[in-house]
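The numbers here are math on the coordinates, done by the rules we state, and not lab data. Just so you know, these numbers come straight off a predicted model, no measurement behind them. In this analysis, Cβ positions are derived from the backbone assuming ideal geometry, glycine residues included, and neighbour counts consider all displayed protein chains.
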């Protein structure tokens, strides 16, 4: 299926690939987008349109979408939103703080940071803006006449305790505990939560699960109990099991997001709304499997129309604010002769007050192989990650440039790194939403 826009830039009804091929051959149309494939007419048309209903299954990490007419589905699939937005905001705050600390004197800001009415946390605002931006992109290629969004209102305390009533809503989960550490230890039954830990150690620590991604917030869902044998500096490094470890701890980010922005999304788009119970009933009636695409199809009013192959879309991070990177020094390990970083061969000390420190690996450093260095990115390169490039007659997806833009790393290629980057030609740059 090919999507069509008029000479004036307005969305028209899509056409078949055969008809689009004829229009392009006769110079009656031109290509304006490859994914999804969209053409623009070069002559005036009648602009005939049919009623098209768009259903949106909104969510925290995934969005289901489906656009249908009376006879068939014109577009449908699932969008995966960017994750770890809070961690990227933390990095930005660090860069800004470092930059401001270089100034000798800064004028007072007074009430510049006062929150306006309707303010949302930046991470939630980003999710809401992504919903709106993607829906507008669909309306840009299809003449949508009706939009319907599924909303929900979650009682988080009811999810935690189904029997909660009345005044019990005023009591939080930490009631009766003197501090947060005592509550975490009680929640985890005063036991190390590492499933592979076989040592019986009485010394327990509270670990930040998101430490590897600079998330050191003290919310209960980010804390877990570990013993002193597991909670070491070595295990926090990239090769340690704590780096990227995601234990099963109850969190309610998705429910909180839907409760906050459900009506803002409907009001901003001036659309109709439905609820999850109605969607579930209709989906079971049509004997469809549970998926974001099928839910969106039911929300749009779909019954027995001809289905569109499920399209998978991912959201791309457009900018990387990390202009400076540090590479650690390399040493030879006396135990096995391998090259290891200075962080791996460290003293393993996390705090001076601890007496049960593990064995220090600093003494196993042999001669230094390479010095630590800083790498500063001084310009923006033409080839960005996820761009489609042509090299030696074949198509590849770029992963990124290295060595000040002289090397290119690609996927699905015989040569992972291209030395002669001048021979690479960019076919098109990927935008925010990548159609896979």
Notebook entry, point to check: For the chain, what is the relative contact order in percent, using Cα pairs closer than 8 Å and at least 6 residues apart in sequence?
Noted result: 16
Checklist line | Helix 122-141 vs. the chain, principal-axis angle (Cα, 0 to 90°, nearest 10) | finding: 20
Notebook entry, point to check: So, by mean Cβ neighbours within 10 angstrom, what's the order for 323-332, 58-67 with the highest one leading?
Noted result: 58-67, 323-332
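Take the Cβ-Cβ distance between residue 181 and residue 213 as r, set R0 to 30 Å, and report the resulting FRET efficiency rounded to the nearest 0.05.
Details: r = 22 Å, r/R0 = 0.74.
Given R0 = 30 Å and the Cβ-Cβ separation, E is 0.85.
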Notebook entry, point to check: What is the stretch 180-236 by shape, rounded, prolate or oblate, if you read a ≥ b ≥ c off the alpha carbon gyration tensor as root eigenvalues and call it rounded for a/c under 1.5, prolate for a/b larger than b/c, and oblate otherwise?
Noted result: oblate
Next item on the list: Specify the angular offset, from 0 to 90 degrees and rounded to the nearest 10, of the alpha carbon long axis of helix 276-285 from the longest principal axis of the alpha carbons in the chain.
Entry: 60
Note to self: Please give the Cα centre distance for the stretch 364-405 versus the stretch 311-341, rounded to the nearest Å.
What the structure shows: 11
Notebook entry, point to check: Between residue 1 and residue 50, what length comes free when the chain is fully extended (0.36 nm per residue of separation minus the Cα-Cα distance, one decimal in nm)?
Noted result: 16.0 nm
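Considering only DSSP beta bridges whose two residues both sit in the chain, what percent are antiparallel, to the nearest 5?
Values: 50 of 67 bridges.
The answer is about 75 percent antiparallel.
Which value, in Å³ per residue, describes the convex hull spanned by the Cα atoms of the stretch 1-81?
Working: hull volume 8.5 nm³, N = 81.
Given the Cα convex hull of the stretch 1-81, per-residue volume reads 105 Å³.
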